[in-house]
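Colleague: First the structure, then my questions, so here it is.
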Amino acid sequence: MQFVEYLLSISFSDSELVQKVAHGDERAFLMLYDRFASHVYGITLRVLGDSMLAEEATQDTFLKLWGRARQFIPSQGALVSWLLTIAHRTALDRLKLENRRIPASNAYDPEEVWSIIPDENTTNTDARWRSLYFAVQSLPVDQRQVIDLAYYKGMSQSEIAEVLGWPLGTVKTRLRAAMQSLRGQWLDEIVK
Amino acid sequence: MSRENCLPYQENLIAYSLGALDAEEIAALESHLKTCTDCQTELLDYQQIAAGLVLAVPRRLPPSSLRQKLAGRLPSAQKRTSSLFALSFKQFAAGAVLAVLLGLNIFSALQIQNLNKQQKALAERLSAEQKTIAILSQPGTQILSVNTDLTDTRGSILFHKDMATAVLILWNLPELEASQTYQIWLIDSNGEKISSGLFLSSTESDYTTASVQSAFPIGQFAAVGITVEPSGGSQQPTSSPIVVVEL
């Protein structure tokens, strides 16, 4: 992206850009791409585990943004949350299509998944998500593992039990413990 | 509703918020949620956390080519592609018109060439027929029958022994292949054969007239013969004569 284009893009908020996109402004659309492509590609790559598939899912996600920009309501949340929810669902749909569920032995690589610290954009929303990120990092490995398979691989509790060779009750217990821990820290963050 | 009633559903709220609840348990939970505000509130917390998990993933830079691919899917790029196609179509159309014009030119040139051939053949025939009249007008002109090895081909040769020309008139002379021609030979008493003209059978009428060209009076020759030769003629006969007339 050229420097002038970058300076122009930072003068617009996400909501302003998405409104322009809703009116067919391709330049605004590419500005949003430049702003959020790494977020979207990050989640699609995390879900799909394949760079080619992740590229396609990223492209599909942004094409959905192009087609559905009018449906975005700023008062209901941040654009990045809306966009990444679309990206997450798009990637999971593609994962089901490809039937590419990874074998249990390679199911989880805590270092690969959680080792990179997200960019520190300073908004209140970002601060909360960042806290959540650190909260996830602080979970025991077995709890992070079930969250990873459930949320990022779209597996049901029964499928997780089968893949990891754990009793279903163990999966449910670890999932509950992980989410209750996150919920506690999440509520604390709201109180702050 | 007492929270005790919620106990069987509470652990499922978590799996439900993550999309990890087994299909057979979803209906029961959703039915419970319709009447339980406490569970609805708790679910909302978990759903917010689940939504936050998308942001807890590290960012990754996609390949730079992806931006170009995406830009190529936008309407303006599609229009450019269409206009490029239209340009290509125009070029194709122009090329097609040029090809047709070139084809017409070649066709016209062939037609003109064909007409020139016909004109030349007619001119030769007219010349031969004028010679026939001229020869016939001379006292002492001889007319000899021409018999050939060909079934239906018959004719005559008109000549005056003191004149350096003669005319052959042949009926039903077969048409030759494009690579062939009839060639006339004047044969002296020693058997020497001198080329005396080329001709093709007439396509306009049943008879063909051909001039016999000579540098000497026809009376100096013993016979006249006709052979089939390659187009353009030969220095000496290369095939057996179809006609030999003793003069």
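Colleague: Report, by residue number, each residue of the stretch B:178-214 that is surrounded by fewer than 12 Cβ atoms within 10 Å (Cβ to Cβ), of a type outside the set (Gly, Ala, Ser) and over 33 Å from the mean Cα position of the chain (by Cα).
Modeller: B:Asn190, B:Asp206
Colleague: Out of the residues in the stretch B:36-60 that are outside any helix (DSSP H, G or I) and farther than 16 Å from A:Leu48 by Cβ, state the one that is farthest from the other protein chains (Cβ to nearest Cβ).
Modeller: Only one residue fits best here, namely B:Cys36.
Colleague: Further, regarding this structure: Kindly provide the set of residues from the stretch A:31-44 that are touching an Asp or Glu at 6+ places or on another chain (Cβ under 9 Å) and over 17 Å from A:Phe72 (Cβ atoms), ordered by number.
Modeller: Across the stretch A:31-44, the qualifying residues are A:Asp34, A:Ser38, A:Tyr41, A:Thr44.
Colleague: Further question on the same structure: If A:Ala91 satisfies every condition in (1) more than 8 Å from every other protein chain (Cβ to nearest Cβ); (2) more than 12 Å from the chain's Cα centre (by Cα); (3) of a type in the set (Gly, Ala, Ser) but one, which is the exception?
Modeller: Result: A:Ala91 fails condition (2) only.
Colleague: Let me confirm something: among B:Ala56, B:Ala23, B:Ala51, which residue is of a type in the set (A, V, I, L, M, F, W, C) and under 17 Å from A:Ser158 (Cα atoms)?
Modeller: B:Ala23
Colleague: Any idea which of A:Ala28, A:Ala54, A:Ala37 is buried (at least 16 other Cβ atoms within 10 Å of the Cβ), within 7 Å of chain B (Cβ to nearest Cβ) and hydrophobic (A, V, I, L, M, F, W, C)?
Modeller: Result: A:Ala37 is the single residue among A:Ala28, A:Ala54, A:Ala37 that is buried (at least 16 other Cβ atoms within 10 Å of the Cβ), within 7 Å of chain B (Cβ to nearest Cβ) and hydrophobic (A, V, I, L, M, F, W, C).
Colleague: OK, next. Residues of the stretch A:160-177 being assigned to a helix (DSSP H, G or I), more than 8 Å from chain B (Cβ to nearest Cβ) and free of Cβ contacts under 8 Å to residues at least 40 places away in the same chain, which ones?
Modeller: Answer for the stretch A:160-177, where residues must be assigned to a helix (DSSP H, G or I), more than 8 Å from chain B (Cβ to nearest Cβ) and free of Cβ contacts under 8 Å to residues at least 40 places away in the same chain: A:Ala161, A:Glu162, A:Leu168, A:Gly169, A:Thr170, A:Val171, A:Thr173, A:Arg174, A:Ala177.
Colleague: So B:Ser2 passes all but one of these: (1) more than 8 Å from chain A (Cβ to nearest Cβ); (2) at pLDDT 90 or above; (3) surrounded by fewer than 13 Cβ atoms within 10 Å (Cβ to Cβ). Which condition number does it fail?
Modeller: Condition (2) is where B:Ser2 drops out.
Colleague: Then there is this: Within 21 Å of B:Thr238 (Cα to Cα) and not in a loop (DSSP other than H, G, I, E, B) - does that describe any residue in the stretch B:147-164?
Modeller: Checked against the condition, which is being within 21 Å of B:Thr238 (Cα to Cα) and not in a loop (DSSP other than H, G, I, E, B), the stretch B:147-164 yields at least one hit.
Colleague: Among the helices (runs of 4 or more DSSP H) lying completely within the stretch A:44-151, list those that include at least 2 residues that are at pLDDT 70 or above.
Modeller: A:51-68, A:79-98, A:124-137, A:141-147
The values are calculated or read from the model by the stated rules, or taken from the named source; none is laboratory data. A quick note: this is a predicted structure, and the numbers were derived from the prediction, not measured. Backbone-built Cβ (ideal geometry, glycine too); neighbour counts: all protein chains shown.
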